[in-house]
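Quick notes on the structure that follows.
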Amino acid sequence: EPEVTQTPSHQVTQMGQEVILRCVPISNHLYFYWYRQILGQKVEFLVSFYNNEISEKSEIFDDQFSVERPDGSNFTLKIRSTKLEDSAMYFCASSAQFQETQYFGPGTRLLVL
Amino acid sequence: AQSVTQPDIHITVSEGASLELRCNYSYGATPYLFWYVQSPGQGLQLLLKYFSGDTLVQGIKGFEAEFKRSQSSFNLRKPSVHWSDAAEYFCAVVGDSGGYQKVTFGTGTKLQVIP
């Protein structure tokens with residue numbers, strides 16, 4: 001069964017450093033998403049991406065965040081200058097069509113020191 | 001704006017007992033509803049979903065959920081819980097916003113299964 005994959009599974013970085021989280025969505029999916037889950041809190045929507053552009057973003061997704069689909073398979077989330085409060089589990093998801101089920105990856109646990 | 005409420009933060013059941021996890025949603029139109037499960041250190045796995053049609057939906061691992069529009073609820077049930085069901089369960093709703101979608105999650109219910 002096809003699945004969403006994410007790398008790395010864990011990332012530790014220093015405050016102020018840039019990080020790139022990588023995702024490989026399910027191959028025939030067209031819609032891509034990032035969510036995050038701060039420890040002990042609920043999963044929160046960050047951004048959705050379709051047709052090579054951001055379609056929706058939350059208030060969390062400020063100028064330090066960016067997303068990109070650099071090739072036909074990868075979907076990345078970049079955090080330009082990490083802050084302590086960026087420490088969280090980041091989930092990538094994809095869906096085949098609008099308003100269809102989103103399938104989630106296993107997540108990348110980011111720790112900012 | 002869409003929202004999801006899971007009133008139970010933590011539930012403990014005995015192995016073999018029945019389970020019901022509560023979920024209430026707020027959404028203006030007919031919602032698309034989901035239950036996801038997250039085992040410790042793992043990602044989110046889809047258990048089941050409701051888009052339309054039969055209000056009782058079957059999912060994986062023996063779970064089912066019933067959509068009740070009059071109560072704005074989508075409770076998750078399992079007749080006999082197994083120790084491996086211990087995990088955190090998230091109810092979620094999808095609504096269209098500007099023509100696209102985002103999933104809004106509840107705060108989760110952590111299930112503990114005791115022998």
Q. From the set of residues in the range B:52-63 that are within 29 Å of A:Gly105 (Cβ to Cβ) and in a strand (DSSP E or B), which is nearest to the other protein chains (Cβ to nearest Cβ)?
A. B:Val57
Q: Say whether the condition of being within 13 Å of chain B (Cβ to nearest Cβ), hydrophobic (A, V, I, L, M, F, W, C), out of contact with any helix residue (DSSP H, G or I) (no Cβ under 8 Å at 6 or more places or on another chain) and surrounded by fewer than 20 Cβ atoms within 10 Å (Cβ to Cβ) is met by at least one residue in the range A:5-21.
A: no
Q) Is there a residue being free of Cβ contacts under 8 Å to residues at least 40 places away in the same chain, surrounded by 13 or more Cβ atoms within 10 Å (Cβ to Cβ) and within 18 Å of B:Glu20 (Cα to Cα) anywhere in the range B:53-60? A) yes
Q) How about the range B:60-77: which of its residues are farther than 15 Å from B:Thr30 by Cβ and hydrophobic (A, V, I, L, M, F, W, C)? A) B:Ile60, B:Phe63, B:Ala65, B:Leu76
Q: Identify the residue in the range B:85-115 that is in a loop (DSSP other than H, G, I, E, B) and either closer than 14 Å to A:Tyr35 by Cβ or modelled with pLDDT under 95 (or both) and, among all such residues, is farthest from the other protein chains (Cβ to nearest Cβ).
A: B:Pro115
Q. Within the set of pairs 6 or more residues apart or between chains, which connect a residue that is of a type in the set (A, V, I, L, M) inside the range A:97-113 to a residue that is part of a loop (DSSP other than H, G, I, E, B) and at pLDDT 85 or above with Cβ atoms less than 7 Å apart?
A. A:Leu110/A:Ser87; A:Leu111/A:Ser87; A:Val112/A:Met15; A:Val112/A:Thr82; A:Val112/A:Lys83; A:Val112/A:Ser87; A:Leu113/A:Gln14; A:Leu113/A:Met15
Q) Applying the selection to the range B:1-42, what residues are among the hydrophobic types (A, V, I, L, M, F, W, C), touching an Asp or Glu at 6+ places or on another chain (Cβ under 9 Å) and within 18 Å of B:Ala92 (Cα to Cα)? A) B:Leu21, B:Ala29, B:Val37
**Q.** Residue within the range A:68-81 that is modelled with pLDDT under 90 and within 14 Å of A:Gln6 (Cβ to Cβ) present
**A.** yes
**Q.** Subset of the range A:15-58 [closer than 20 Å to A:Lys83 by Cβ, among the acidic types (Asp, Glu) and assigned to a strand (DSSP E or B)]
**A.** A:Glu44
Q) Going through the range A:58-113 one residue at a time, which ones are among the charged types (D, E, K, R) and more than 14 Å from chain B (Cβ to nearest Cβ)? A) A:Asp62, A:Asp63, A:Glu68, A:Arg69, A:Asp71, A:Lys78, A:Arg80, A:Lys83, A:Glu85, A:Asp86
Q: Would you point out the residue of the range A:98-113, among those that are hydrophobic (A, V, I, L, M, F, W, C) and under 23 Å from B:Leu47 (Cβ atoms), that is surrounded by the fewest Cβ atoms within 10 Å (Cβ to Cβ)?
A: A:Phe98
Q) Do you know which residues across the range B:31-46 are more than 8 Å from every other protein chain (Cβ to nearest Cβ) and either out of contact with any strand residue (DSSP E or B) (no Cβ under 7 Å at 6 or more places or on another chain) or within 26 Å of A:Ser9 (Cα to Cα) (or both)? A) B:Trp35, B:Val37, B:Gln38, B:Ser39, B:Pro40, B:Gly41
Q.
What's the number of the only condition in (1) within 14 Å of chain A (Cβ to nearest Cβ); (2) not in a strand (DSSP E or B) that B:Lys49 fails to meet?
A. (2)
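The values are calculated or read from the model by the stated rules, or taken from the named source; none is laboratory data. The shown structure was predicted, so the numbers you read here are calculated from the model rather than taken from an experiment. Don't worry about glycine lacking a Cβ; one is built from the backbone with ideal geometry, like all the others, and counts go over all protein chains shown.
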